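K.L.:
The structure's right below; bear with me while I get my questions together.
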Amino acid sequence: MKNIKTSLIVTTYNWPEALELVLSSLKHQSIPPNQVIIADDGSSSETHDVIKRFSANTTLDVIHSWQEDSGYRLAMSRNKAIAKAKYEYIIMIDGDMILHPKFIEDHIHFAQKNSFVQGVRAKISAEGAIEVLSKKNFIFQTFDSRLKSKRFSLRNKLACFLFSGKRYFKKLKMLLGCNMAFFREDFLSVNGFNEDFVGWGREDSEFGARLINSGIARRDLRFAANAYHIHHEGNSRALLEKNHNIYIETLNKKLKRCLNGADKYLTNKKLSS
C-alpha cells in the first residue's frame, strides 16, 4: 500500500540521550513519516529540549504529547498520542529504537487492510549501547559487532518473503509495541489500549488479542523494517500479575473492545486525507 500516509508514535520516558538518537535516525528515512508524535509518559525538561531542537531542524510535523508523571502509564500515553494522529496508518516504536533508513518504507510496503503488523528488534549489547550513546553513532551494518541478536539486523527481500506474513499458530506470542503497525480505524474500533494497565506488562498482548478477536489478522514482518534496541535495565514487574489477569480475562471472554480506552480523548474520529 504505497500511497498510505503514516503517523509515527514514539513512546518515551526520561531517557533524552536515547530519544535523540532515535529522532536522528528519522532524518535518514528513505520515506519519512507524515507525522511524528512523541508519546511522553511524564519526562522532565531535558526530553522537551531534545524534541524542541529536533523540531527546529526538520520539516517533519512533530507533536510532543506529554502527560503528568504519575507512575508507569504507557497505555494512557499511547492513547493520548494516537488520538492526535492525523493519518490512517500508525507505526509505533519505543524511544530506545534506532531505525534503519528503510524502516518507514518497509512498513508502508507491507501494510495490508484487515491486519496489524508485528516487527522485530535487533538488540544492542550493553557494551555496544555505551559506545552508541557516547559516540552518537547510530548507523548499523548487517551483523554489526555491537549487536547481540545479529540475525535481526539482516534486511533481505527473499528472507522477508519467506518468513513474513500471517501467524496461524501462537498468534499472541511475542507481541511487542516497540515495533508495531496498525490502521487507526482498527485502533479506534477496539478503543485503543486498555488504561486499566498500570505498570509494566501485557498491555501490548491484550491490545493484540482484542484486534484478533475483532477479525484483524496478525502479520509478522521479518528481515525488513529493521530497528535496533538500545540496551537498558528492565522495568519493575511489581504489577505484572494484576496486568496478566486483565489479559487473561480478555482471552477468556473474547473481548473486542475495552471500556477504559482512547475514546475519551477523541474530538473527531475522522482522518485527514
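The values are calculated or read from the model by the stated rules, or taken from the named source; none is laboratory data. Bear in mind the structure is a predicted one, so any value in this text is a computation, not a measurement. In this analysis, Cβ positions are derived from the backbone assuming ideal geometry, glycine residues included, and neighbour counts consider all displayed protein chains.
K.L.:
Of the residues that make up region 59-71, is at least one among the acidic types (Asp, Glu), buried (at least 22 other Cβ atoms within 10 Å of the Cβ) and modelled with pLDDT of 95 or more? Break it down stepwise before answering.
P.N.:
Start the filter on region 59-71 by keeping residues that are among the acidic types (Asp, Glu), which leaves 61, 68-69.
Applying the additional criterion that residues be buried (at least 22 other Cβ atoms within 10 Å of the Cβ) yields none.
No, region 59-71 contains no residue that is among the acidic types (Asp, Glu), buried (at least 22 other Cβ atoms within 10 Å of the Cβ) and modelled with pLDDT of 95 or more.
K.L.:
Could you please find all residues in region 140-159 being hydrophobic (A, V, I, L, M, F, W, C), loosely packed, with under 15 Cβ neighbours inside 10 Å and touching a residue at least 60 places away in the same chain (Cβ under 8 Å)?
P.N.:
Within region 140-159, just Ala159 meets the criteria.
K.L.:
Moving on. Would you confirm, using the coordinates I've provided, whether Ala85 is buried (at least 18 other Cβ atoms within 10 Å of the Cβ), closer than 22 Å to Trp200 by Cα and within 15 Å of the chain's Cα centre (by Cα)? Write out each step before concluding.
P.N.:
Values: buried (at least 18 other Cβ atoms within 10 Å of the Cβ): yes; closer than 22 Å to Trp200 by Cα: no; within 15 Å of the chain's Cα centre (by Cα): yes.
Considered against the rule, which asks whether it is buried (at least 18 other Cβ atoms within 10 Å of the Cβ), closer than 22 Å to Trp200 by Cα and within 15 Å of the chain's Cα centre (by Cα), Ala85 comes out as no.
K.L.:
Tell me, please, whether a residue that is in contact (Cβ under 8 Å) with a residue 60 or more places away in the chain and acidic (Asp, Glu) can be found in region 68-88.
P.N.:
yes
K.L.:
Determine which member of the set Lys123, Lys136 is modelled with pLDDT of 95 or more and in contact with a Ser or Thr (Cβ under 8 Å, 6 or more places away or on another chain).
P.N.:
Details: Lys136 fails: modelled with pLDDT of 95 or more.
On inspection, the qualifying residue turns out to be Lys123.
K.L.:
Provide a single number: the residues in region 30-57 that are farther than 23 Å from Asn3 by Cβ and surrounded by 15 or more Cβ atoms within 10 Å (Cβ to Cβ).
P.N.:
Filtering region 30-57 down to residues farther than 23 Å from Asn3 by Cβ leaves 38-57.
Applying the additional criterion that residues be surrounded by 15 or more Cβ atoms within 10 Å (Cβ to Cβ) yields 38-43, 47-48, 50-51, 54-55.
Here the count works out to 12.
K.L.:
Let me spell it out: the conditions are (1) in contact with a Lys or Arg (Cβ under 9 Å, 6 or more places away or on another chain); (2) touching a residue at least 60 places away in the same chain (Cβ under 8 Å), and Ile104 meets all of them except one. Which number is the exception?
P.N.:
Exception for Ile104: condition (1).
K.L.:
Something else: How do the strands (runs of 3 or more DSSP E) wholly within region 161-273 filter down when requiring 2 or more residues that are surrounded by 18 or more Cβ atoms within 10 Å (Cβ to Cβ) and basic (Lys, Arg): which remain? Show your work before the answer.
P.N.:
Working: elements: 179-183, 217-220, 227-229.
Qualifying strands (runs of 3 or more DSSP E): 217-220.
K.L.:
Of (1) farther than 21 Å from Ile82 by Cα; (2) under 19 Å from the mean Cα position of the chain (by Cα), Arg237 satisfies all except one. Which?
P.N.:
Among (1) farther than 21 Å from Ile82 by Cα; (2) under 19 Å from the mean Cα position of the chain (by Cα), Arg237 violates only (2).
Here's the yes/no breakdown for (1) on the phi > 0 side of the Ramachandran plot; (2) at pLDDT 90 or above; (3) out of contact with any Pro (no Cβ under 8 Å at 6 or more places or on another chain); (4) hydrophobic (A, V, I, L, M, F, W, C):
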residue	(1), (2), (3), (4)
Phe140	no, yes, yes, yes
Phe143	yes, yes, yes, yes
Phe152	no, yes, yes, yes
Met180	no, yes, yes, yes
Ser189	no, yes, yes, no
Asp196	no, yes, yes, no
Ala238	no, no, yes, yes
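K.L.:
Here are the criteria: (1) hydroxyl-bearing (Ser, Thr, Tyr); (2) closer than 22 Å to Arg257 by Cα; (3) in contact with a Lys or Arg (Cβ under 7 Å, 6 or more places away or on another chain). Tell me which single one Ser205 does not satisfy.
P.N.:
Looking at each condition in turn, Ser205 falls short on (3).
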